[in-house]
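*Asks:* My questions all concern the structure below.
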Amino acid sequence: MKETPTGEPAHFAPPPAPGAEQYRALDFANTSLALPGGQYLDLLGSPEAATRWLVERDLAPTDTELHEVCAARLRALRDQVRALLASRIGALPAPDGALRAVNDALTCAPTAAVLRWDPTLGLHRVQEHPTDQIVDHALAVLATDAADLLTGPDAERLAACDSDPCQRYLLRTHARRHWCSVRCGDRARAARAYARRTQANRG
């Protein structure tokens, strides 16, 4: 599959799938995008792109500068969250590796705010944010959100987009909804109509 340049602006991506604004974990899972024409867009595909994604979702300060090792950690957790979503939708056992990855992310975030002195503020507590701790915190937030989605009442509404080649996940807004955007719905309907015409012509 042909890949677009890393760090490409987010406007190349479709609008958020239903449920992605409610669950950041769903938005996170959908950062891996298959586009028409055999192209692929990874919104975490470079340190710059991953930084932008975290900052835009208030998961990192605006002055954050991720390195590739941090971006790779985000992509690795995303793949495991996607595996858990797929297993939940398919009513399959959850993969052990995916469970370990999410549980590791849930428990690795620093929680203690350290004590500092400032002439203006006096004694106060602050959460220190070296880059690795920023990523740990973001991973923990996303893993927690994924766990809440997968174990909560909305898990019954999870679905995979039914429009080829899309590989995004969504929460169904009604029972027959199986695509993540108007564009994917139009493409799915057009594909079905073409298949019917082709079958009729052969008959």
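The values are calculated or read from the model by the stated rules, or taken from the named source; none is laboratory data. Because the structure is predicted, anything quoted here is derived from the model rather than measured. Glycine gets a Cβ as well: all are built from the backbone with ideal geometry, and neighbour counts include every protein chain shown. Protein only, heavy atoms only, side chains kept; ligands, DNA and RNA dropped before computing areas. Shrake-Rupley method; radii C 1.70, N 1.55, O 1.52, S 1.80 Å.
*Asks:* Determine the order of TYR169, TYR40 by accessible area, beginning with the largest, at a probe radius of 1.4 Å.
*Replies:* The ranking, largest first, comes out as TYR40, TYR169.
*Asks:* From the phi of every residue in segment 28-44, what ³J(HN,Hα) in whole Hz does the Karplus formula 6.51 cos²θ - 1.76 cosθ + 1.60 yield, where θ is phi - 60° and glycine or proline is x?
*Replies:* Result, rounded to whole Hz: 4, 4, 8, 6, 9, 10, 9, 10, x, x, x, 9, 9, 10, 10, 6, 10.
*Asks:* Under 8 Å for C-alpha pairs, at least 6 residues apart: give me the relative contact order for segment 6-153, rounded to a whole percent.
*Replies:* Answer for segment 6-153 is 22 percent.
*Asks:* Kindly sort VAL102, VAL114 by accessible area of their heavy atoms, largest first, with the probe set to 1.4 Å.
*Replies:* VAL114, VAL102
*Asks:* Could you order the peptides 14-23, 47-56, 137-146 from most to least packed, using the average number of other C-beta atoms within 10 Å per residue?
*Replies:* 137-146, 47-56, 14-23
*Asks:* Order CYS108, CYS70 by their accessible area, 1.4 angstrom probe, all chains in place, largest first.
*Replies:* The most accessible residue leads, giving CYS108, CYS70.
*Asks:* Let me ask you something else. Return one whole number: the accessible area per residue of segment 16-61 in Å², for a 1.4 Å probe.
*Replies:* 36 Å²
*Asks:* Shifting gears a bit: In whole angstrom, how far apart do the alpha carbon centroids of segment 8-74 and segment 136-175 sit?
*Replies:* 15 Å
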